[in-house]
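Okay, so here's the structure we're looking at.
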Amino acid sequence: MSQTSLKHKKKNEPGMRYSKESLDAEKRKDSDKTGARLSTQGSQELPLHNTDSRGYVVRNQWSRTSRSPSTGAPSVDEPRSRNTAIKVEAPNSSTTSQTSSASPSQHETSPPPQTSEKFSIQQTPQNRPITQLESQPPTPPETEPNSRRTSAKMYTVSDPWAHRENREPRDLQLRDYAHSCDSREGMPKTREYPRTPPTEWKPYAQRRLQYGTSVDMEPEYISDGLQQRQRQQTEEDEVDEAYWTSVSMLYEKIPSCARPRPPKPKHAITIAVSSRALFNMVDDRKIYEEEGLEKYMEYQLTNENVILTPGPAFRFVKALQHVNSRLRDLYPEEQDLFDIVLMTNNHAQVGVRLINSVNHYGLLIDRFCLTGGKSPIGYLKAYLTNLYLSADSEKVQEAIKEGIASATMYAGAKDMAYCDTQLRVAFDGDAVLFSDESEHIAKDHGLDKFFQHETLFENKPLAQGPLKSFLEDLGKLQKKFYAKDERLLCPIRTYLVTARSAASSGARVLKTLRRWGLEIDEALFLAGAPKGPILVKIRPHIFFDDQMFHIESAQKFGTITAHVPYGIAQKRN
């Protein structure tokens, strides 16, 4: 009887019990005899598998450490054989273990053992050549002293890697094995964690309570440093949750102040206003002219929190915003609105003071254009500007030459009360709404020839002037209020204040407006009388005229005026 068989017999004798240390020592001794250890690339040692004389790999049925079945994936150095024969000896057998020199028919025809655990292992043929490992003396596999294993027969196990297209994924095999282990008596059951449905979202603090932490499960194996870090993380989570809760409560208490979005440029009536026209920056301009640009910028940065006072175009802009509000009340989705753009050649650093001033007065100006010393005229067409108001007459003349309706703003010498619920715009006739052809005749040939010319061409419409398009925009908005039966309560009112005489030349003006499809609310023919006293009664937010002596007359009475540098009157002046 061989030494190995005697050792197996001693293990299987009743009453003989080996300690864990002796079993491990014998196992290491046998492993040293049966095969050498191979070193892989990752410095992990793999034991060389036992083979018989034909090169077949002889495996144990079960592994002590991982409790995985022998049908696991083959190792790196293990050859894939056609039929892998596994030979198991029952613990109560008194005979010696059979060697691997058995005939091939025994390996192929031996039926599978009938055990209490019903494992079904299918045999799959494989057409790969058999490769033999390094020749070593055949050694029978060592049986484990396990009372559950009652199989004493040799059976054939098919290679699970034979057909890759038919095999199950590795994770499914491990899952089936875990379920089989749970079904056996005495085996530890896998821990089941509660699963959150994919559509259900929970915050981290609430989700963390569903799963037990390592501190709750094994407190004796957790170091003090790890416990401290976990407590610190828990405190940080609680602080973050409390912070976001306070922030959400704060925003819930803040009243809703929805700022209306500006209309799209292709639909809006764009009014470009310079910073000196919107705010009073006379003192700032003196610093720029006397001390230079650097001192001017330094002054603006130092006083960026100082609110600027209103300028000549301020009340006009406020009236435009009131019209927008009334239109949104009647048409919530309306896009034909006034859109104010702040167009200035100031440096971007000055923009902070301008933003603070705009927000202080509640002006709905969202578009800024700060050109940093460069003329902003080139941007007027890019912004689709309908009207440009500035305090610089040179820039206004450049815009007029580009075909953009423009005017130079002048503040009134006196304070005047203005209507807050209605936009009032007053226009001069010749060289403002109309062309300057009649002005040429009056300047060159006198008033008599002028009256004869207007009577002769009474039914011929006048050519349009630079402000005719802006009057069309106002009339288009007026019709929206008329459609809602708001003619008497319309927040827009237009005026024609002209030095023409109604009897001799007024008919051609009214017929021209009718031919254009425009309606003027009030027409005042002064026949050469001063316009200042009449404008005081109207109290317009802006008055457009082409001649400076009418502008100066209106200024003395406190009217805000806008000079249109267009026509023959500019050449004679």
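Give the carbon-plus-sulfur fraction of the accessible surface of region 438-538 in %, rounded to a whole number; probe 1.4 Å, heavy atoms of protein chains only.
53
In the structure shown, the pairs K443/K531; K381/K401; K479/K511; K266/K476; K460/K531; K266/K479 are assessed against 23 Å; a Cα-Cα span above that value is assigned to K460/K531.
Translational diffusion coefficient of region 249-301 at 20 °C, 1.002 mPa s, Stokes-Einstein with Kirkwood Rh over Cα pairs, in µm²/s as a whole number. Diffusion coefficient, whole number: 140 µm²/s.
In this label model, T309 and K266 are separated by 4.4 nm, measuring between points 7 Å along each Cα→Cβ vector. Mean projected area of the Cα convex hull of region 408-508, taken over all directions, amounts to 8.8 nm². The eigenvalues of the Cα gyration tensor, multiplied by 5 and square-rooted, give region 479-523 an equivalent ellipsoid with semi-axes of 25, 12, 7 Å from largest to smallest.
Compared with the alpha-carbon gap, the fully stretched path from Y482 to E334 is longer by 51.8 nm at 0.36 nm per residue. The stretch between L526 and W244 holds 94.7 nm of extra length on full extension. This uses 0.36 nm per residue minus the Cα-Cα distance.
Percent of Cα-Cα pairs more than 20 Å apart in region 339-462, please.
Here the tail beyond 20 Å accounts for 62 percent of pairs.
Label sites at R539 and A502, each approximated as a point 7 angstrom past Cα along Cα to Cβ, lie 2.4 nm apart.
On the basis of the beta-carbon distance and an R0 of 56 Å, N280 and L456 show a calculated FRET efficiency of 0.70. With R₀ fixed at 56 Å, the C-beta to C-beta distance from Y418 to D224 puts the FRET efficiency at about 0.15. With a simple spin-label model that places each label point 7 Å from the Cα along the Cα-to-Cβ direction, the separation between Y379 and K401 comes to 2.1 nm. Given all pairs of different Cα atoms, what value in angstroms does the Kirkwood hydrodynamic radius of region 451-573 take? Result for region 451-573 stands at 15.8 Å. Taking trypsin sites (Lys or Arg not before Pro) across region 385-482, the ones in a DSSP loop with at most 13 further Cβ atoms lying within 10 angstrom of their Cβ are K414.
Based on protein heavy atoms only, region 294-436 ends up with 43 Å² per residue of surface accessible to a 1.4 Å probe. Surface composition of region 248-397: carbon plus sulfur atoms hold 50% of the accessible area, using a 1.4 angstrom probe and ignoring ligands, DNA and RNA.
The values are calculated or read from the model by the stated rules, or taken from the named source; none is laboratory data. A quick note: this is a predicted structure, and the numbers were derived from the prediction, not measured. We place every Cβ from the backbone using ideal geometry, glycine too, and count neighbours over all the protein chains shown. With ligands, DNA and RNA removed, areas are computed over all heavy atoms of the protein, side chains included. Shrake-Rupley method; radii C 1.70, N 1.55, O 1.52, S 1.80 Å.
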